[in-house]
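Below you'll find the structure, written out as structure tokens, and then a few comments.
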Amino acid sequence: MDGKDHICTGEHSGHICVLANQDKFEDIKELTRNPKHVCFNCGRVADSEKNLCNPMPLD
């Protein structure tokens, strides 16, 4: 996937990808305890779609 295919919705600063780049792994643990969404861009999961760039429901 090239860069133009990456879509980001919402406030990017709270996304798991940004938190990982900032080594905020304790924050990530809290946001991923009961994942219900997966990011179509990077494959990371999160409880809330607001923490992913391009979220899709896991179910």
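The values are calculated or read from the model by the stated rules, or taken from the named source; none is laboratory data. Since this is a predicted model, take the numbers as computed values, not measurements. Backbone-built Cβ (ideal geometry, glycine too); neighbour counts: all protein chains shown.
When the range 37-48 is filtered for residues that are farther than 13 Å from C17 by Cβ and crowded, with 17+ Cβ neighbours inside 10 Å, only H37 remains. Of everything in the range 25-47 that is closer than 13 Å to H15 by Cβ and among the polar types (S, T, N, Q), the residue that is modelled with the lowest pLDDT is N41. For beta carbons closer than 6 Å, sequence separation of 6+ or different chains, a first residue in the range 20-45 that is assigned to a loop (DSSP other than H, G, I, E, B) and a second that is surrounded by fewer than 11 Cβ atoms within 10 Å (Cβ to Cβ) and charged (D, E, K, R), there are no qualifying pairs.
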